[in-house]
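Worksheet: one structure, shown below.
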Amino acid sequence: MGNLFGRKRRSRVTEQDKAVLQLKQQRDKLRQYQRRLHLQLERERAVARQLLRDGKKEKALFLLKKKRYQEQLLDKTETQISNLERMVQDIEFAQIEMKVIEGLKIGNECLNKMHQVMSIEEVERIIDETQDAVEYQRQIDEMVAGSFTEEDEDAILEELNAITQEQIELPEVPTEPLPEEKIPEASPVKVRPKPELVAAS
């Protein structure tokens, strides 16, 4: 049916991912080759022993030379595997570095947009306006505080003290005894007999 709505789906696999995968596949093939060589070397050593027992020294010597050559190949494959693994690590680290750089780039763009919205001149203007408002308020406070004389200040403080020390006036307690009230006698409560329950037949 194809892709819905005719859109092509972008693959998340990058060229670097493909390169890493190929390098890992090559490394795995080399390791399989190493295992085969190890098995072959053990077999040839066993065959060389058998040839020496049978008195076929020349054939055993030829087989040991072949074995020595294969051991050299084994060493080379080990070096190649190390190179492949180092290459994989380098590519993976480079991918991490690219993500970090991409993150820094996005952060930089975001900061630049914020700086465009809030320029240095705008910040300076806001700070100046704030300082002007603070100065204006200080002048108002000084005018209000400066309009009272020392006597006014003392009178204000005295009034404040009087208010805080003022007691709340409570109503006077009555001195005459309270009149006694007669409590009406309660009429007896009539108890009605409970109806008897009859079992259903």
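The values are calculated or read from the model by the stated rules, or taken from the named source; none is laboratory data. Everything numeric in this text was worked out from a predicted model, so none of it was measured. All Cβ positions, glycine included, derive from the backbone under ideal geometry; neighbour counts span all protein chains shown. SASA here: full protein model, heavy atoms, side chains in, ligands and nucleic acids out. Shrake-Rupley method; radii C 1.70, N 1.55, O 1.52, S 1.80 Å.
Some observations on this one:
- Residue check for E44: touching a Lys or Arg at 6+ places or on another chain (Cβ under 8 Å), open to solvent by less than 90 Å² (accessible area, probe 1.4 Å) and not hydroxyl-bearing (S, T, Y): yes
- Region 13-23, subset of a type outside the set (A, V, I, L, M, F, W, C) and surrounded by fewer than 13 Cβ atoms within 10 Å (Cβ to Cβ), residue nearest to I81 (Cα to Cα): Q22
- Looking across L61, L74, one residue alone is free of Cβ contacts under 8 Å to residues at least 24 places away in the same chain, assigned to a helix (DSSP H, G or I) and over 26 Å from E15 (Cα atoms). It is L61.
- L23 being closer than 30 Å to Q95 by Cα and in contact (Cβ under 8 Å) with a residue 40 or more places away in the chain: yes
- Hits in region 115-156 (condition: part of a helix (DSSP H, G or I) and of a type in the set (V, I, T)): V117, I120, V123, I126, I127, T130, V134, I140, V144, I156
- E109, sole failed condition from (1) within 30 Å of L23 (Cβ to Cβ); (2) without any contact (Cβ under 8 Å) to a residue 40 or more places away in the chain: (1)
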